[in-house]
Amino acid sequence: MKKFLLFLLFSLSTPAFAGSFPPELENFLKIKEFKAKYRIKLKTENVKSAREGTYTYYRKEDKSRIDMSVPSQNVETRTYTINNKSYACAKTPQDRWFCFLMGSTNFTSRQTEKPLNMNDLFSSEKEYKKIGTKIVNGHKTTCYLVKDGEKTTICADKDGIVWYLKTEGNESTMEMTLEEFRKKVSNDAFKLPAPPLAPSPAPQMPPGQFPPPPGNLPQNVPSFPMMR
């Protein structure tokens with residue numbers, strides 16, 4: 001599945017990139033526990049109509065979870081970070097979940113990437129340009145262009161809640177609008193839907209060739225959506 005990136009809607013003004021970390025984005029990093037559900041619109045060069053789905057981000061202390069669902073592509077995936085380990089899970093067309101430890105097999109590193117983690121866009125090491133304000137679902141937000149090699153725009157309110165996110169890439173675009181925000185997350189949200197598959201040692205292969213996927217992976221599984 002092609003990489004899904006976010007498209008920039010705004011008429012950009014010309015102020016220089018900010019030298020300090022924006023207060024709205026700093027407040028986002030201070031929120032230790034929340035669930036945020038976004039409606040996403042995906043566009044690619046070779047598809048005229050936009051595909052729609054959901055992106056849900058969970059955070060509780062040092063744990064996180066990212067859900068992606070694109071019904072028209074029969075894609076439903078989850079990525080968990082628990083105890084400094086990341087797990088990727090996907091639902092097969094037969095409604096069966098499977099999970100594995102990311103990076104545990106050669107198949108994993110070739111076939112998957114981590115979905116967009118919102119924390120990656122919030123860093124004092126990046127540069128931000130304030131481009132104005134935007135009303136999203138009745139909430140006033142301040143919007144910033146992120147200088148990170150892609151056209152990424154973040155709109156957050158004064159409490160740090162991200163209401164809108166959009167980036168443009170060469171082949172695809174994606175827009176995210178907040179639909180639901182909760183300040184409490186159950187510990188059950190971080191339980192894997194299936195036991196992680198045992199890692200398989202990667203066989204030695206000649207340069208330029210890749211080993212086949214491990215035999216214990218189910219067949220006809222959906223691709224993980226690539227967000228970056």
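Of note:
- The shape of segment 23-196 can be summarised by an equivalent ellipsoid whose semi-axes, obtained from the alpha carbon gyration tensor, come to 26, 20, 16 Å from longest to shortest.
- Bridging of K140 to aspartates and glutamates at a Cα separation below 13 Å is possible for E24, D157, D159, once same-chain residues fewer than 8 apart are set aside.
- Counting neighbouring Cβ atoms within 10 Å and putting the fewest first, the residues E24, E52, E168 line up as E52, E168, E24.
- Only lysines eight or more places from K85 in sequence, or on another chain, were considered; those with a Cα closer than 21 Å are K32, K35, K60, K63, K114, K191.
- Fewest-first ordering of K130, K151, K166 by other beta carbons within 10 Å of each residue's beta carbon gives K130, K151, K166.
- Exposure proxy ranking for E179, E76, E61, based on other Cβ atoms within 10 angstrom of each Cβ and starting from the fewest, stands as E61, E179, E76.
Every read-out reported here was derived from the displayed coordinates using simple, explicitly stated rules and does not represent laboratory data. All of these numbers come straight from a predicted model, not from anything done at the bench. Virtual Cβ from ideal backbone geometry, glycine too; neighbours counted across all protein chains shown.
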